[in-house]
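The values are calculated or read from the model by the stated rules, or taken from the named source; none is laboratory data. Source: prediction; values computed, not measured. Here the Cβ positions follow ideal geometry from the backbone for every residue, glycine too, while neighbour counts run over all protein chains shown. Quick note on the areas: whole protein, heavy atoms, side chains included, nothing else; ligands and nucleic acids left out. Shrake-Rupley method; radii C 1.70, N 1.55, O 1.52, S 1.80 Å.
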Amino acid sequence: MTEGRFTDGGQAEKTAPYQIESVGRACRLLRILQNESSLALFELAEISRLSRPTVFRLVATLQANGVVVKDGRRYRLAGGFSPGRRYKIGYLAETGETSFYRAVTRGLVESAERAGVDLVVLDSQHSPKVALANAERLLAENIDLIMMFQCYAQVAAVISTRASSRKTPLVAIEIPHPNAIYFGVDNCHAGLTAGRYLARWAQQHWKGQVDEILLIGSPRAGSLPEARLTGSLLGINEVLPNSAHAKTSMVNGDWQFDVSRDAVARYLGRSKASRILVSAIFDPSALGALQAFKDEGRLQDCAIVGQNGSIEALLQMRKPNSRLIGSVAYFPERYGEQLIALAFDILTHRVLVPNAVFIKHQLLTPDNLKQHYGREMQPAKTA
């Protein structure tokens, strides 16, 4: 015997004696999403004949447990939209040597598992030759989509051409590839954020006087990532118009700590300036520059801002009076969920995907570390 109950919409529904009503309602929402791909909250409420507050609580619980994903104002199943269809996605990582790359990979692996996606992960080991070979391997495995995080512009066009010939969609993470959907930071805007902060720091500590500006880049990645440095220079000059007369130098840090440290050491051998603003394309380069200034006994001559908000940079900023004064964070631990959602959008053709998907960035400084990461990242006190 069944008993009648009333839904939030006033309609009678039949429930078994031992059924948990909230679970039944959640299952109803899941069945609706399975048939409709994605829906806004009010659409879910209308179709399910439940009140909006009830639907909101249910989908919030499903989202917290990785069953439902929210894209903007719409909800969808985390496992995709085609029952029985299991996608196979390839991820080509640049390296596993830095915390930023490891965080991207870890988040992507976890998100793919929750979404029911088969993910093939390959490491290019900082080598264009290995990156190209890995791309060939992924294409040979009949991958549904490839995500690339490799920094060598000279093989980007080759990889894109071969993926296009196989009609395999390509997502380029941080480093643009021809005919690929770009996923990453708005480089010029991130650079502006860094430059403006460097200039404001100089106003506070050097009365706005700057002798030299040092930019640490990496030409091998192409022109777009270098826009971080162009933006930095624009930001410095915007806040400190007189800085346009300061000497500006650029060195190649090749995205790496050791290379950046050595390049900055050579620069310091030529420069006797005592107020140098340093903007780096990547946190390992910022940390390499900091080490070079320290080795030369000239830490007080610099103020440095990096990019990525890596754990190594955050730990350095915790130190009292650190001259790594900030890093523009991209929160790589969040990439995975966004990338898997983007992959489903591409593969299911349910929405028109733009050519570029920009992630949010945030300037981290010693003053706001606790706000973003809690007490464990509170700057250490001076002894």
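Before moving on, here are some points about what is shown:
- Some residue of segment 247-255 being under 25 Å from ASP367 (Cα atoms) and modelled with pLDDT of 95 or more: no
- The residue that is surrounded by the fewest Cβ atoms within 10 Å (Cβ to Cβ), counting only those in segment 230-254 that are farther than 19 Å from THR193 by Cβ and small (Gly, Ala, Ser), is ALA244.
- In segment 140-153, the residue that is surrounded by the most Cβ atoms within 10 Å (Cβ to Cβ) out of those that are within 18 Å of SER223 (Cα to Cα) and out of contact with any Asp or Glu (no Cβ under 7 Å at 6 or more places or on another chain) is MET148.
- Verdict on GLY374 being out of contact with any helix residue (DSSP H, G or I) (no Cβ under 8 Å at 6 or more places or on another chain) and at pLDDT 95 or above: no
- When every residue of segment 117-131 is checked against the conditions, at least one turns out to be assigned to a strand (DSSP E or B), open to solvent by 10 Å² or more (accessible area, probe 1.4 Å) and charged (D, E, K, R).
- For segment 260-267, the criterion of being modelled with pLDDT under 95, over 22 Å from TYR152 (Cβ atoms), out of contact with any Pro (no Cβ under 6 Å at 6 or more places or on another chain) and surrounded by 23 or more Cβ atoms within 10 Å (Cβ to Cβ) is satisfied by no residue at all.
- Residue that is surrounded by the most Cβ atoms within 10 Å (Cβ to Cβ), among those in segment 297-319 that are farther than 25 Å from ASP211 by Cβ and out of contact with any strand residue (DSSP E or B) (no Cβ under 8 Å at 6 or more places or on another chain): GLU312
- Residues that are in contact with a Lys or Arg (Cβ under 8 Å, 6 or more places away or on another chain) and among the acidic types (Asp, Glu), drawn from segment 331-355: GLU333
- When the helices (runs of 4 or more DSSP H) confined to segment 213-325 are screened for residues that are touching a residue at least 60 places away in the same chain (Cβ under 8 Å), those reaching at least 2 such residues are found at 223-239, 283-295, 311-317.
- Residues in segment 31-43 that are part of a helix (DSSP H, G or I), open to solvent by less than 60 Å² (accessible area, probe 1.4 Å) and closer than 22 Å to HIS349 by Cβ: 3 in all.
- Just so you know, in segment 326-346 the residues that are touching a Gly at 6+ places or on another chain (Cβ under 8 Å) and part of a helix (DSSP H, G or I) include one that is farthest from GLU110 (Cα to Cα), and it is PHE344.
- Unmet criterion (only one of (1) within 23 Å of the chain's Cα centre (by Cα); (2) modelled with pLDDT of 95 or more) for LEU224: (2)
- Among (1) in contact with a strand residue (DSSP E or B) (Cβ under 8 Å, 6 or more places away or on another chain); (2) surrounded by 17 or more Cβ atoms within 10 Å (Cβ to Cβ); (3) under 24 Å from GLU97 (Cβ atoms) - the single one PHE257 does not satisfy: (1)
- Identity of the residue in segment 356-371, open to solvent by 30 Å² or more (accessible area, probe 1.4 Å) and within 16 Å of the chain's Cα centre (by Cα), that ends up farthest from SER327 (Cα to Cα): ALA356
- The sole residue among ARG52, ARG73 that is surrounded by fewer than 16 Cβ atoms within 10 Å (Cβ to Cβ) and either in contact with a strand residue (DSSP E or B) (Cβ under 7 Å, 6 or more places away or on another chain) or touching a residue at least 40 places away in the same chain (Cβ under 8 Å) (or both) is ARG73.
- Beta carbons closer than 9 Å, at least 6 apart along the sequence or on distinct chains, pair a first residue in segment 154-183 that is more than 22 Å from VAL351 (Cβ to Cβ) and open to solvent by less than 40 Å² (accessible area, probe 1.4 Å) with a second that is part of a loop (DSSP other than H, G, I, E, B) and among the hydroxyl-bearing types (Ser, Thr, Tyr) for GLU174/TYR330; ILE175/TYR152.
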